[in-house]
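Shown next, in structure tokens, is the structure this report addresses.
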Amino acid sequence: GTKSAPQSKPRPAVHDSVHPPIALRPMPVTPPRVLLIGCSTGGPQALNIIVTQIGSVLDRAPVLITQHMPPTFTAILAEHLARIAKCPVREAKDGEEVNAGTIYLAPGGKHMKVTRRDGIAVIAIDDGPLVNFCKPSVDPLFSSAAEVWGPKVLALVLTGMGSDGLRGAQAITAAGGNVLAQDEATSVVWGMPGQVAHAGLCSAVLPLNEIAPRLTRVFTGDRP
């Protein structure tokens with residue numbers, strides 16, 4: 001009779017042959033001072049899950065978010081996140097102080113950066129050209145925060161198309177800060193997080209439901 005192919009042979013995992021394994025960096029040793037989040041396609045849904053679970057992070061640190069969005073949409077997103085996070089969430093204003101307990105959202109159609117004025121971290125809204133075809137772009141936020149807070153930065157790259165955030169993540173790790181990324185399985189598009197992961201810039205690549213618990217442990221100083 002015809003021989004059927006043996007069924008017991010394990011099939012190699014497809015992704016192993018395509019992508020080299022992701023190299024991870026150490027997690028921060030001391031609690032960071034600020035949380036940065038960059039996201040695009042699928043980002044609002046991911047933010048919904050994270051902001052409702054990071055109360056203990058907000059007690060200690062400001063959260064700055066760049067979500068690729070046109071004007072007016074970011075105002076609606078800020079209102080929505082404020083309702084579910086039960087903390088102040090607003091479109092960032094030029095020159096305002098960056099304080100713990102508040103979530104600052106890059107206003108649609110503008111870049112959000114941070115700068116130091118008289119030793120205090122303040123928001124700088126920039127109406128300059130597109131970066132990575134985006135405005136707001138994640139890179140200006142990440143790169144400027146690396147200059148202001150250096151090794152005290154923790155950045156998170158969530159689902160999104162393209163490579164925005166990669167250069168900023170390089171600046172953060174060069175300054176001694178840390179980067180986390182959402183994993184491929186839970187991302188709507190694994191463009192932005194995949195870029196930083198494959199560049200070897202991440203301290204962890206996590207499914208969406210594990211990100212907030214990990215952030216909480218890192219910011220409260222509990223060793224994982």
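Taken over the chain, lysine pairs spaced eight or more positions apart, or on distinct chains, with alpha carbons under 27 Å apart number 12. Against the chain, whose longest principal axis comes from its Cα atoms, helix 138-149 is set at around 60 degrees. Across Trp190, Trp149, the residue with the most accessible area heads the list, and the full order at a 1.4 Å probe is Trp190, Trp149. Shown in residue order for region 63-75 are the 3J(HN,Hα) couplings computed by the Karplus curve 6.51 cos²θ - 1.76 cosθ + 1.60 at θ = phi - 60°: 10, 10, 10, 10, 10, 4, 7, x, x, 6, 5, 5, 5 Hz (x for Gly and Pro).
With θ taken as phi - 60° and the Karplus curve 6.51 cos²θ - 1.76 cosθ + 1.60 applied, the whole-hertz 3J(HN,Hα) list for region 178-193 is 10, 10, 10, 9, 6, 7, 5, 4, 9, 8, 5, 9, 9, x, 4, x Hz, x standing for glycine and proline. Note on exposure: His198, His111 ranked by accessible area (1.4 Å probe, complete protein assembly) read His198, His111, with the most exposed listed first. Net charge of the neighbourhood of Leu81, taken over other residues with C-beta under 14 Å away and scored Lys/Arg +1, Asp/Glu -1, is +1. Charge tally for Met69 (other residues, Cβ to Cβ under 14 Å; Lys, Arg +1; Asp, Glu -1): -1. Computed from phi, the 3J(HN,Hα) profile of region 152-158 under the Karplus parametrisation 6.51, -1.76, 1.60 (θ = phi - 60°) reads 8, 8, 10, 10, 10, 10, 9 Hz, with x in place of Gly and Pro. A Cα-only calculation for the chain places Rg and Dmax at 18.6, 85 Å. Within the chain, the longest run free of trypsin sites (Lys or Arg not before Pro) that sit in a DSSP loop with at most 14 other Cβ atoms within 10 Å is 94-224. Computed on region 112-160, the Cα convex hull volume stands at 77 Å³ per residue. Under a 5 Å amide H cut-off, with hydrogens placed 1.01 Å from N, Leu206 pairs with Ala181, Gln182, Asp183 among residues at least 5 apart or on other chains.
The portion of the accessible surface of region 156-218 made up by carbon and sulfur, rounded to a whole percent, is 52 (1.4 Å probe; DNA, RNA and ligands excluded).
DSSP bridge analysis restricted to the chain gives an antiparallel fraction near 25%, rounded to the nearest 5. Close amide H partners of Val114, meaning residues 5 or more places away or on another chain with modelled amide H under 5 Å apart, are Ala124, Ser144, Ala145.
When both bridge partners sit in region 96-224, DSSP labels roughly 55% of those beta bridges antiparallel.
Given the DSSP H assignment, sum -39500 (n - 2.57) over each helix run of at least 4 residues in the chain and divide by its residue total; what's the result at 222 nm in deg cm²/dmol, nearest 500?
About -9000 deg cm²/dmol.
The values are calculated or read from the model by the stated rules, or taken from the named source; none is laboratory data. Please read all numbers here as calculations on a predicted model, not as lab measurements. Neighbour counts are summed over all protein chains in view; Cβ atoms, including those assigned to glycine, are modelled from backbone coordinates with ideal geometry. Accessible surface areas use protein heavy atoms only, side chains included; no ligands, DNA or RNA. Shrake-Rupley method; radii C 1.70, N 1.55, O 1.52, S 1.80 Å.
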